[in-house]
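Colleague: Next up is a structure, given as structure tokens.
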Amino acid sequence: MLAPEIRNRVYRCIQAEAHRLGCEVYAIGGIEDHVHVLVRFVPTVSVAELVKQVKGASSRLVQTEIRAWEFFKWQGSYGAFTIAANQIEPVRRYIHNQAEHHRTGNLYRALERTDAET
């Protein structure tokens, strides 16, 4: 679980790893059981490579520096979507307001779909 007290450090790690790969992070937001990241890719990095590196770096951070006494692992699957340039701001706002969307049930279902719902 991505507890509130460790989220900001994990988000900074995700952003740093994406930046290391040459990608630009527009937004990161989530709740205890998942994270959304809005990223502009460079042509030399695949979605799979970015996800692998971000999950690996952030898992290592949690397991070695933040909560070494606790088991932490991201789920094996992920979703990836492309959006039009005119959707960057609405998607960014949606990601930044994850807690509120989940609290009120005002979710964009396509972005919140789980493996069980596919």
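Colleague: Can you tell me which residue in segment 66-86 is most open to solvent (accessible area, probe 1.4 Å), limited to those that are in contact (Cβ under 8 Å) with a residue 12 or more places away in the chain and closer than 16 Å to residue 7 by Cα?
Modeller: Going through the qualifying residues, I end up with 73.
Colleague: Next up: Does segment 82-95 include one or more residues that are more than 21 Å from residue 29 (Cβ to Cβ) and modelled with pLDDT of 75 or more?
Modeller: Scanning segment 82-95 turns up no residue that is more than 21 Å from residue 29 (Cβ to Cβ) and modelled with pLDDT of 75 or more.
Colleague: Looking at segment 22-39, which of its residues are among the hydrophobic types (A, V, I, L, M, F, W, C) and either at pLDDT below 90 or in a strand (DSSP E or B) (or both)?
Modeller: Within segment 22-39, 25, 27, 28, 31, 35, 37, 38, 39 qualify.
Colleague: Select from segment 40-65 the residues that are part of a helix (DSSP H, G or I) and small (Gly, Ala, Ser) and write down the one among them that is surrounded by the most Cβ atoms within 10 Å (Cβ to Cβ).
Modeller: Within segment 40-65, the match that is surrounded by the most Cβ atoms within 10 Å (Cβ to Cβ) is 58.
Colleague: Here is a follow-up. Do we find a residue being of a type in the set (Phe, Trp, Tyr) and in a helix (DSSP H, G or I) anywhere in segment 11-18?
Modeller: Checked segment 11-18: at least one residue is of a type in the set (Phe, Trp, Tyr) and in a helix (DSSP H, G or I).
The values are calculated or read from the model by the stated rules, or taken from the named source; none is laboratory data. All figures in this text were calculated on a predicted structure; none of them were measured in a lab. In this analysis, Cβ positions are derived from the backbone assuming ideal geometry, glycine residues included, and neighbour counts consider all displayed protein chains. In case anyone asks, the SASA skips ligands and DNA or RNA and just uses the protein heavy atoms, side chains included. Shrake-Rupley method; radii C 1.70, N 1.55, O 1.52, S 1.80 Å.
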